[in-house]
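**Q** Once you've had a glance at the structure underneath, I'll fire off some questions.
The values are calculated or read from the model by the stated rules, or taken from the named source; none is laboratory data. Values in this document were obtained by computation on a predicted structure and should not be read as measured data. Here Cβ is always computed from backbone atoms with ideal geometry, including for glycine, and neighbour counts include all displayed protein chains. Protein only, heavy atoms only, side chains kept; ligands, DNA and RNA dropped before computing areas. Shrake-Rupley method; radii C 1.70, N 1.55, O 1.52, S 1.80 Å.
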Amino acid sequence: MSAPAFNTAGARLIVDLGAIRRNYRILVDRAGPGTTVSAVVKADAYGLGADRVAPCLAAAGCDDFFVATLDEGLRLRGVLPTARIAVLDGNLPGDEAVLAANDLVPVLNDLGAIERWRDQARQAATLLRAVIQLDTGMCRMGLSEPESARLAAEPDRLDGLSHLLVMSHLACADEPDHPMNREQWHRFVDLTARLPAMKQSLANSSGIFLGDDYHFDLVRPGAALYGINPTPGTANPMTEAARLQGKIVALRDVDSPMTVGYGATHRVARSGRIATLAIGYADGFPRVLGNVASGVLSDDRADKISLPVVGRVSMDLVTLDVSALAPEQLTLGTYIDLIGGPRTVDAVAAEADTIGYELLARIGSRVPRLYNESDRQIQTELRAL
Ligand SMILES: *Cc1c(COP(=O)(O)O)cnc(C)c1O
């Protein structure tokens, strides 16, 4: 089955590739000379579509990519034949041959993984690239401190591995004043000092903004590339890259008291106008946003009149009070922005008691992604649809 046409789907996600490239360059500037900026494109580039986002980043000069699973690595390899691709989940026993055959670099998360990757190199009589992860405070992935100490004492465990990168991951980088940041930094510096010399990486998006001493040789941003604010609480240095829209599939004038939606949680007291959009929690618009979120008419870039979501979010539908707009401003098929513009992904996420990461990553597979290079081009292409 071919991809659904954008004007037949109920909702759509407009992805601004120009903004993603711009964000990459902002991070390159910020990281400074001597630090490589990789791109984390796991979870389908945080829902935006890795097949399109990764080549766009490669064109912007990115040579290093991170995915979560082997599966994602194989798919990305099909899109980027020559880029360096690292798999964060690493090599479960038996994965080594397929990793090597597809030139995928596992993040080695324990001594057993190092051993198996070294065996793979030995069998193939070749040198293999690798990333080694040290746990400095997440208790999730990476060598424990005793394992790191053992590796330091027995460095020949790394024979057969080349172009090594050692990494760790910050638990609290989005809270610049959190003492964990400096603690993890110290632990990382102490642990790596005892290992053979190799390139080093600690920072995710927010880590890049903690200061130059967090940059090391390579940084690993994901969220910031996609427009999520890496510095919560201060102005977003990144450019918005995603706009989620729902299409009006019903318009109803109410002229007597009525309740709206499941549970009858909203009541139109006297009169009003309700628009029903073809987007719901099946599309990743969180159910918790019922009676909480609001939308903006897509063409209404000037006034940005807020259209409150009224009633519960259904699986496939959401209802908005559009009484504030003139009737002729809306028609069946009109798109309403639910994320993007004045409704930033971070703001909507806060309303849903989550983070922009989750909001974007959960945008459903039913929602077609529409790609464009700049906002003006998007407008032109949308008019043509
Ligand atoms: C997801 C992830 C990143 C990217 O984090 P952002 O906060 O999105 O920049 C970097 N490193 C690791 C290990 C990750 O799992």
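**Q** Just checking, does region 119-129 include any residue being open to solvent by less than 60 Å² (accessible area, probe 1.4 Å), part of a strand (DSSP E or B) and touching a residue at least 60 places away in the same chain (Cβ under 8 Å)?
**A** no
**Q** Does residue 157 meet the test of being more than 30 Å from residue 21 (Cβ to Cβ), among the basic types (Lys, Arg), surrounded by fewer than 21 Cβ atoms within 10 Å (Cβ to Cβ) and within 16 Å of the ligand (Cβ to nearest atom)? Reasoning before the result, please.
**A** Details: more than 30 Å from residue 21 (Cβ to Cβ): yes; among the basic types (Lys, Arg): yes; surrounded by fewer than 21 Cβ atoms within 10 Å (Cβ to Cβ): yes; within 16 Å of the ligand (Cβ to nearest atom): no.
Here the answer is no, as residue 157 does not meet what is asked.
**Q** Taking region 185-196, which residues are within 16 Å of the ligand (Cβ to nearest atom) and surrounded by fewer than 20 Cβ atoms within 10 Å (Cβ to Cβ)?
**A** 187
**Q** Also: Residues of region 355-378 being more than 19 Å from residue 41 (Cα to Cα) and either modelled with pLDDT under 95 or among the aromatic types (Phe, Trp, Tyr) (or both), which ones?
**A** 374, 375, 376, 377, 378
**Q** Another question about this same structure. Out of the residues in region 57-78 that are among the hydrophobic types (A, V, I, L, M, F, W, C) and open to solvent by 10 Å² or more (accessible area, probe 1.4 Å), which is nearest to the ligand (Cβ to nearest atom)?
**A** 68
**Q** Of all the residues that make up region 160-184, how many are over 30 Å from residue 125 (Cα atoms), within 13 Å of the ligand (Cβ to nearest atom) and in a loop (DSSP other than H, G, I, E, B)?
**A** So the first thing to find is which residues in region 160-184 are over 30 Å from residue 125 (Cα atoms), and the list is 169-184.
The next check asks that each one be within 13 Å of the ligand (Cβ to nearest atom); those that pass are 169-175, 184.
With the extra rule that they be in a loop (DSSP other than H, G, I, E, B), the set shrinks to 169-175.
Final tally of qualifying residues: 7.
**Q** Only one of (1) more than 20 Å from residue 41 (Cβ to Cβ); (2) over 23 Å from the mean Cα position of the chain (by Cα) fails for residue 103. Which number is that?
**A** Unmet condition: (1).
**Q** Something else about it: Take the residues in region 308-335 that are among the hydroxyl-bearing types (Ser, Thr, Tyr) and farther than 20 Å from residue 286 by Cα; name whichever of them is least open to solvent (accessible area, probe 1.4 Å).
**A** Applying the filter and picking the extreme gives 334.
**Q** For residue 109, are the conditions met, namely being more than 16 Å from the ligand (Cβ to nearest atom) and either open to solvent by less than 20 Å² (accessible area, probe 1.4 Å) or modelled with pLDDT of 95 or more (or both)?
**A** On the way: more than 16 Å from the ligand (Cβ to nearest atom): no; either open to solvent by less than 20 Å² (accessible area, probe 1.4 Å) or modelled with pLDDT of 95 or more (or both): yes.
Spelling it out, it is not the case that residue 109 is more than 16 Å from the ligand (Cβ to nearest atom) and either open to solvent by less than 20 Å² (accessible area, probe 1.4 Å) or modelled with pLDDT of 95 or more (or both).
**Q** If only one of 30, 84 is open to solvent by 60 Å² or more (accessible area, probe 1.4 Å), within 16 Å of the ligand (Cβ to nearest atom) and without any contact (Cβ under 8 Å) to a residue 60 or more places away in the chain, which one is it? Even if it seems obvious, please write down each step before you answer.
**A** Details: 30 fails: without any contact (Cβ under 8 Å) to a residue 60 or more places away in the chain.
Just a single option satisfies the conditions, and that option is 84.
**Q** Out of (1) more than 16 Å from the ligand (Cβ to nearest atom); (2) open to solvent by 10 Å² or more (accessible area, probe 1.4 Å), what's the single condition that is false for residue 279?
**A** Going through the list (1) more than 16 Å from the ligand (Cβ to nearest atom); (2) open to solvent by 10 Å² or more (accessible area, probe 1.4 Å), residue 279 breaks only (2).
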